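What follows is a set of notes on a single structure, which appears directly below.
The values are calculated or read from the model by the stated rules, or taken from the named source; none is laboratory data. Since this is a predicted model, take the numbers as computed values, not measurements. In this analysis, Cβ positions are derived from the backbone assuming ideal geometry, glycine residues included, and neighbour counts consider all displayed protein chains.
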DNA sequence: GAGCATTTGTCCGTATGTATT
DNA sequence: CAATACATACGGACAAATGCT
C-alpha cells in the first residue's frame with residue numbers, strides 16, 4: 001500500500017467519526033502530522049473527494065461532505081426537500097427566475113403545445129446545508145398556474161401547488177441519465193463542465209392520460225445527491 | 001480562455017473527425033505542436049478523458065474512446081450485445097466463473113430461497129472493441145438451468161437460454177444507481193475504486209408473478225456505457 | 001525470451017495565483 | 001490589509017506498461 005493510500009485510509013477513519021460539515025486539518029497541518037509532502041497529502045484528499053467523502057473550498061478548507069440518497073420510481077419521487085430533512089440535512093429552495101417564454105421545440109412537443117405558444121418557465125435552485133445541490137428548469141403549460149412567481153418563492157414542491165388548483169398531478173414519463181451539464185447550468189451548479197451530473201426529466205400530466213401540465217428538467221450534482229432508480233415489485 | 005482549454009478545444013475538434021480507436025499524437029508530439037509544457041498538454045487530455053472522449057493506456061498511447069448508450073426501462077432492456085453492434089462496435093462476452101454456491105442473504109431473499117440452499121452463480125465479462133466494459137454476477141435459482149457452464153460460454157443473453165427451457169423470463173424488479181464498485185469488481189473492470197460505476201440489479205421471474213428465476217447484478221463502466229433509464233408514456 | 005525505445009503514470013520541490021477569513 | 005488555505009503551474013526525474021526487434 002502506497003504512502004498516499006495510507007494517509008487516505010487514516011483520514012477516512014477519522015471522517016467516519018465526524019459529522020457532515022466538520023472541517024479537516026489544513027494541508028500544512030497534515031504534512032506535519034504525516035511527515036509527507038504536500039503532493040502526497042493532496043493526492044490522499046483527492047481520493048476522498050473522488051468518493052464524495054469530502055468537499056474542498058479554496059481559502060476555507062476541506063470539509064466532511066453530506067450526500068443524499070434520492071429514490072426515483074415510476075410511482076413518483078418524494079420531494080428532495082423532505083428527503084434531505086429526513087437525512088438530517090438542512091434543505092433550502094430558491095426561485096431565481098420566472099418568465100413567460102416560448103418553450104424549446106422538444107419540450108413544446110412534450111406539452112402538446114402549438115409552436116409559438118408561450119408557457120411559464122421557472123428556474124429553481126436547491127441547497128443542502130447551504131451547498132448548491134440541484135437546479136431545476138420547469139416549463140408549465142399555459143393556463144395552469146397564475147402568479148406563480150409570488151406563490152412559489154417559499155414553496156418547495158410544485159406538485160403541492162398544482163394540487164391546490166384542484167389538479168391531480170401524476171408522473172407520466174421520466175428519463176434519468178448522467179450527462180455533462182451545459183455551460184449555463186454548470187455555472188449555476190458551481191461545477192465544472194467535465195463532471196458528470198444527474199439529469200432527471202419528467203412530464204407531469206393531470207390524472208392518468210390527462211392534459212400535460214408541466215415538463216421539468218432537473219440537474220443534480222453527483223457529489224451532493226445519489227440518485228437511485230427503482231421499479232417493479234419484488 | 002486558458003491555454004489548457006485552447007489545447008483541449010483543438011484536440012476535441014480533431015477527435016470529432018476521427019473514429020473510435022484512433023490514436024492521438026503522443027504527449028511529446030503535442031508539446032512540440034502547441035509549444036506547451038507537458039503539464040498543460042496532460043491537463044488538456046485529462047479534460048477530454050473526464051468527458052469520456054479519449055482513453056489512455058500506459059505505454060501504448062491515447063485513443064479516441066467509444067461510449068455506448070444503453071437504454072433501461074421497466075419493459076426490459078435490449079441485450080448490451082445487440083446495442084453495441086448497432087452502434088458499430090464489436091461486442092464480446094466471456095463466462096469467467098460458474099459455481100454452485102449459497103447466495104448471500106439479501107439475494108437469497110430475492111429468490112425466495114431457504115437459507116443454505118445452493119444456487120448457480122455465473123460471472124460474465126463483456127467487452128466493447130476489446131475494452132472491458134461490464135461485469136455481471138448472476139445467481140440462478142436451483143433447478144432452473146443445467147450444464148450452464150457448457151451452454152453459456154458462447155451465449156450473450158441469459159434470457160434467450162431461459163426461453164429455450166420453455167420459460168417466460170420477465171423483469172420483475174430493477175434498481176439502478178451509480179456506486180463505487182467493491183475491490184474485486186473494480187479489479188475485474190480494471191478501474192479504480194474511486195470512479196463511480198453503474199450498478200444495475202434485476203430480478204427475473206417466470207411470467208408475471210411467477211417463480212423467481214434469477215437475480216443479476218451488473219457493474220458497468222461509466223466511460224464505456226451511458227445508462228439511460230426511462231419509464232412511462234409520453 | 002531478452003532487450004530496447006516509446007508512451008503514459010506518478011512523484012518531487014518550489015513558486016505563484018486566488019479565494020476566504 | 002494580512003494571514004490562511006486551497007489551486008495551478010513548472011521542470012525534471014523515475015516508474016511502469018506496451019510493442020517491436
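Some notes on this structure:
- Any hit, the range A:64-75, residues being at pLDDT below 90, more than 12 Å from DNA strand D (Cβ to nearest atom) and under 30 Å from residue B:173 (Cα atoms): yes
- All positions within the range B:199-222 that are in contact (Cβ under 8 Å) with a residue 60 or more places away in the chain and facing another protein chain (nearest Cβ under 10 Å): B:200, B:203, B:212, B:222
- Of the strands (runs of 3 or more DSSP E) entirely within the range B:127-212, none holds at least 2 residues that are buried (at least 20 other Cβ atoms within 10 Å of the Cβ), modelled with pLDDT under 90 and outside the structural domain of residue B:97 (by TED's automatic domain parsing).
- The lone criterion from (1) modelled with pLDDT of 90 or more; (2) away from DNA strand C (no atom under 14 Å from the Cβ); (3) surrounded by 16 or more Cβ atoms within 10 Å (Cβ to Cβ) left unmet by residue A:79 is number (1).
- All of (1) within 13 Å of DNA strand C (Cβ to nearest atom); (2) closer than 30 Å to residue B:229 by Cβ; (3) out of contact with any helix residue (DSSP H, G or I) (no Cβ under 6 Å at 6 or more places or on another chain) hold for residue B:54 with one exception: (3).
- Taken across the range A:44-58, residues that are away from DNA strand D (no atom under 16 Å from the Cβ), under 19 Å from the mean Cα position of the chain (by Cα), crowded, with 18+ Cβ neighbours inside 10 Å and outside any loop (DSSP other than H, G, I, E, B) do not occur at all.
- Hits in the range A:3-43 - residues which are surrounded by 12 or more Cβ atoms within 10 Å (Cβ to Cβ), within 14 Å of chain B (Cβ to nearest Cβ) and within 10 Å of DNA strand C (Cβ to nearest atom): A:4, A:5, A:43
- In the set B:26, B:18, B:13, only one residue is away from DNA strand D (no atom under 12 Å from the Cβ), over 22 Å from residue B:127 (Cα atoms) and modelled with pLDDT under 95; that residue is B:13.
- So residue B:88, is it within 14 Å of chain A (Cβ to nearest Cβ) and more than 11 Å from DNA strand C (Cβ to nearest atom): no
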